[in-house]
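Read-outs: derived from the displayed coordinates by stated rules, not from any lab. Not measured: the values here are computed from a predicted model. When we count neighbours, we look across all protein chains shown, and the Cβ atoms used for this are built from the backbone with ideal geometry, even at glycine.
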Amino acid sequence: MSGPVCAVFASYNIHGGVGGDGHFVPNRIVDVLRELQADVIGLQEVESRATGFDMLEFLSRQTGLHGISGPTLLGAGGDYGNALLSRHAVLSERRIDISYPHREPRGAIDAELDIGGVAVRVINTHLGLYPAERRHQVQQLLDIFEHERELPTIFMGDLNEWFLYGRPLRWLHRHFEPTPACASFPSRLPLLALDRIWMRPRSMLQEIRVHRSAAARMASDHLPLLARIALPGERA
């Protein structure tokens, strides 16, 4: 027997492990990650500078998922940035610098995963706060997407794009085709679709939704975004 290769992807800004009550409680993030039951999770605002606590190592150990680090701010006391957690084998990984002059450094993790025998490209990022910054960063990423070999691709992260019809979103829709905009921020009363997931080919998408559990509403200022994907190919 055979069937489609299915996987669940998630994007989650964990706010450094600081919840809606202002307290640093990493176990709340673990609880939410376990609720998601995702195969691949893109994380943003993974923090170890302020606390000296290795958040990625902790989350990887508690969930049993392989961790890929993508720090954007480095220091003697720790780092800060993006990360990827994967249930599947990592074939390759790299960090892309998309920093904009005179603004906080930003980056993206670009990984190739073996998901049920299908090679899948996964990009996780966290864009800047200013419109010119986001336009520059999206143009950088699209240039990379359009000039490298074609694979089934998942692009996700905290886009920080407040304007549904802003140029960065229009450019990403043109490349990937539109996906639903689900409000994920702020977690207590979500109004803005800052967290996004796109895929290519677009036909892979089966479902996309925000995870709204009580634990998720408290653990961070963002809610996780989930996408269920049916990958091209078949599982033996």
Item checked: Separation in nanometres of the label points that stand 7 Å from Cα toward Cβ, at D97 and L129 -> 2.3
Checklist line | Efficiency of FRET from Cβ geometry, D114 and S203, R₀ 22 Å, rounded to 0.05 | finding: 0.55
Notebook entry, point to check: For segment 158-167, what does the Karplus curve 6.51 cos²θ - 1.76 cosθ + 1.60, with θ = phi - 60°, yield as ³J(HN,Hα) per residue in whole Hz, taken in order and with x for Gly and Pro?
Noted result: 8, 7, 6, 9, 7, 9, 4, 10, x, 4
Note to self: Report the Cα centroid-to-centroid distance between segment 1-76 and segment 107-178 in angstrom, as an integer.
What the structure shows: 19
Next item on the list: Please give the length that would be gained between L151 and R174 if that part of the chain were fully extended, namely 0.36 nm times their separation in residues minus their C-alpha to C-alpha distance (nm, one decimal).
Entry: 6.5 nm
Notebook entry, point to check: Rounded to the nearest 500 deg cm²/dmol, what is the calculated helix-only ellipticity per residue at 222 nm for the chain, with -39500 (n - 2.57) per DSSP H run of length n ≥ 4?
Noted result: -6500 deg cm²/dmol
Checklist line | Over segment 137-195, volume per residue of the alpha carbon convex hull, in Å³ | finding: 84
Note to self: Can you compute the charge dipole magnitude of the chain about its Cα centre, using +1 on each Lys and Arg Cβ and -1 on each Asp and Glu Cβ, nothing else charged? Give it in debye, rounded to the nearest 20.
What the structure shows: 520
Notebook entry, point to check: To one decimal place, what orientation-averaged projected area in nm² is obtained for the convex hull of the Cα set of the chain?
Noted result: 12.4
Next item on the list: Starting from the Cα of E35, step 7 Å along the direction of its Cβ; do the same at I144; then give the gap between the two resulting points in nm.
Entry: 3.1
Checklist line | Rg(Cα) / (2.2 N^0.38 Å) computed for segment 39-159, rounded to two decimals | finding: 1.06
Item checked: Sites W162 and A215, calculated FRET efficiency, Cβ-Cβ separation with R0 30 Å, nearest 0.05 -> 0.70
Margin query: Could you work out the relative contact order of the chain? I mean the mean sequence separation of Cα pairs under 8 Å and 6+ apart, divided by the number of residues, in percent.
Written below: 25
